[in-house]
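The values are calculated or read from the model by the stated rules, or taken from the named source; none is laboratory data. The structure displayed is predicted, hence computed values, not measured ones. So basically every Cβ, Gly included, is an ideal-geometry build from the backbone, and we count neighbours across all protein chains shown.
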Amino acid sequence: MTSPLHLLQHVFGYHAFRGEQAAIVDHLIGGGDALVLMPTGGGKSLCYQIPALARPGCGVVVSPLIALMQDQVDQLKELGVAAAFLNSTLSLEESREIEQAFLGGQLKLLYVAPERAVTPRFQRLLQQANIALFAIDEAHCVSQWGHDFRPEYLALSVLADAYPGIPRIALTATADHATQAEIIDKLRLESASQFVASFDRPNLRYTIVEKKTSKDQLLTFLRREHEGDSGIVYCLSRKRVEATAEWLRSKEIRALPYHAGLDADVRARNQNIFLREEGVVMVATIAFGMGIDKPDVRFVAHLDLPKSIENYYQETGRAGRDGLPADAWLAYGLNDVIQLTNMIEASGAPEEQKDVERRKLEAMLGLCETTACRRQTLLGYFGEEARPCGNCDNCLNPPQLTDMTEAARKALSCVYRTGNRFGVGHLVDVLQGKLTDKVREFMHQQVSTFGIGKELDEASWRAVFRQLLARGALRVSPEGHGGLELAEAAKPILRGEVPLYRRARIEKFHYHDKNAEF
Ligand code: ADP
Ligand code: ZN
């Protein structure tokens, strides 16, 4: 048998295994089952490709991502590996040919879509073929609570009994413990060895800024740091994707839009340009990116807040897969939080799930508001301990802290005195003692908190409110309209039991261009 290292070097042209790859490969070749948790870009594919080549028979890979399947098969063929896929893009005749090759022992790797894998026809084929291993990619799709749930994945449990001697490997980049347990249970991997790689991406530099004029902030970031680089800009809505792409083009940046509302051929064309050419900025909704393997993406920028740390991690993880320095840049504001909260409330999901989503959003906001190391906070969320990294905005440029305990108490009592229902704009007007129409309408000039906050400007007050939201002292009212109400963590703050700090506002950059002012 050819050794795994020999295969790695002579078939794939890589020098050495990365991280856990060698251990996983050995384990599979020895006939063991495995559950692999490895971040996107970590190198999951080799974990089953090499054992498939080393063992007799063909490796069968279940993968839900058609585009990725195609790419991988193309790459494998280029390396001289007999690989093929079975999915809905093939004609009947093409499918039959591949089935024959599979049965005839002419394939070393066969990728198959889950809906195809569970058909009786394919199950019969399996029984007649010589199989090296089963790989179940994107294994979190088996989780009924996740966003990517694929019912066909549940039927893959039959493999355990039907092929007891053949190793199975499940792979995912989704980390949390509940999903892990579900994968083991649903795919019958009780005796599988688990391989958990670190989620750290040391070459990514994390930067999170307060949203002001976000498009200008983005442009400045692109011009300063990423002239001529390939990158992705994520926006929440399709409309914003198109507006941003167009605007960047007007500034002579080569930007293309991508979202699910565009025609399939436009999407495919834009994706191809992005993959094949240099220096293209893809402006996209999160519909873009799953399974995209472009190693030299130099930045991922978010113009809107992702709805969870998992999302943020996945999306930023598309930058710097080649291991060279890359940027994860995010601009966020209070309105993002309100908008995302409204989306959760309007989703019609069961209350349990809404609650999970609210907590995820709160954690994301916590990451934005933290004055500690971003990486430490991020990895801590995934249960991993880390030291301050030296490669995030907070480490590189430690924020100056000012005590805002008193301001926080004023803000909370203002929310309370005005009846737990107004949005930030109005609350700040009341604190600053502005006699607006709305203040008069509700006679808020008479509440005790009117005008008690003249010492801070509007931006500072907004920062205070964001912190209070991030800490769970306030929440966005489920009623909609962006009203704020007191939440559990408000009490100790009102009683003055916990001190609060906020980042002093230091303007790092100065602009001469009036239109590009922060
Ligand atoms: P994942 O599926 O975990 O997102 P991939 O398997 O697509 O990751 O690998 C990501 C990139 O890293 C690919 O371009 C792959 O060729 C490369 N890669 C994987 N393992 C190694 C290795 N041992 N040495 C060098 N490059 C590797
Ligand atoms: Zn850091």
**OP:** Would you check which residues across the stretch 354-370 are touching a Leu at 6+ places or on another chain (Cβ under 8 Å) and either free of Cβ contacts under 8 Å to residues at least 60 places away in the same chain or of a type in the set (A, V, I, L, M, F, W, C) (or both) and list them?
**Re:** Leu361, Met364, Leu365, Leu367, Cys368
**OP:** Go through the stretch 212-239 and give me each residue that's closer than 12 Å to Leu303 by Cβ, buried (at least 19 other Cβ atoms within 10 Å of the Cβ) and within 20 Å of the chain's Cα centre (by Cα).
**Re:** Leu218, Ile232, Val233, Tyr234, Cys235, Leu236
**OP:** Please give the number of the condition Phe149 fails out of (1) free of Cβ contacts under 8 Å to residues at least 12 places away in the same chain; (2) in a helix (DSSP H, G or I).
**Re:** (2)
**OP:** Can you confirm whether the stretch 77-89 contains a residue that is surrounded by 20 or more Cβ atoms within 10 Å (Cβ to Cβ), more than 14 Å from ligand 1 (Cβ to nearest atom) and of a type in the set (Phe, Trp, Tyr)?
**Re:** yes
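Which helices (runs of 4 or more DSSP H) sit wholly inside the stretch 362-420 and have at least 2 residues that are under 30 Å from His444 (Cα atoms), more than 16 Å from ligand 1 (Cβ to nearest atom) and among the small types (Gly, Ala, Ser)? Quick ask: steps written out before the conclusion?
Values: elements: 374-381, 393-396, 405-417.
Result: 405-417.
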Original post:
Which condition breaks for Asp327 when tested against (1) in a helix (DSSP H, G or I); (2) in contact with a Lys or Arg (Cβ under 9 Å, 6 or more places away or on another chain); (3) acidic (Asp, Glu)?
Top reply: (1)
**OP:** Being crowded, with 16+ Cβ neighbours inside 10 Å and small (Gly, Ala, Ser) narrows it down to one of Gly366, Gly383, Gly390, Gly348, so name that one.
**Re:** Gly366
**OP:** Please work out which one of (1) touching a residue at least 40 places away in the same chain (Cβ under 8 Å); (2) touching a Cys at 6+ places or on another chain (Cβ under 9 Å) is the condition Gly31 fails and give its number.
**Re:** (2)
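In this structure, does Asp263 turn out to be surrounded by fewer than 21 Cβ atoms within 10 Å (Cβ to Cβ) and either touching a strand residue (DSSP E or B) at 6+ places or on another chain (Cβ under 6 Å) or without any contact (Cβ under 8 Å) to a residue 40 or more places away in the chain (or both)? Walk me through how you get there before you give the answer.
Details: surrounded by fewer than 21 Cβ atoms within 10 Å (Cβ to Cβ): yes; either touching a strand residue (DSSP E or B) at 6+ places or on another chain (Cβ under 6 Å) or without any contact (Cβ under 8 Å) to a residue 40 or more places away in the chain (or both): yes.
So Asp263 passes the test.
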**OP:** Using the structure shown, decide if Leu110 is crowded, with 19+ Cβ neighbours inside 10 Å and either modelled with pLDDT of 95 or more or within 16 Å of ligand 2 (Cβ to nearest atom) (or both).
**Re:** yes
**OP:** Consider only pairs whose beta carbons are under 7 Å apart and that are at least six residues apart or on different chains; among these, list those whose first residue lies in the stretch 371-400 and is at negative phi and whose second residue is more than 9 Å from ligand 2 (Cβ to nearest atom) and part of a helix (DSSP H, G or I).
**Re:** Arg374/Leu367; Thr377/Leu367; Leu378/Ile309; Leu378/Tyr313; Leu378/Leu367; Tyr381/Ile309; Tyr381/Ala363; Ala386/Leu379
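So that you can scan it fast, the table gives a plain yes or no per residue for (1) farther than 20 Å from Lys211 by Cβ; (2) within 16 Å of ligand 2 (Cβ to nearest atom):
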residue: Arg298; (1), (2): yes, no
residue: Asp304; (1), (2): no, no
residue: Lys307; (1), (2): no, no
residue: Arg321; (1), (2): yes, no
residue: Leu324; (1), (2): yes, no
residue: Asp327; (1), (2): no, yes
residue: Gly333; (1), (2): no, no
residue: Asp336; (1), (2): no, no
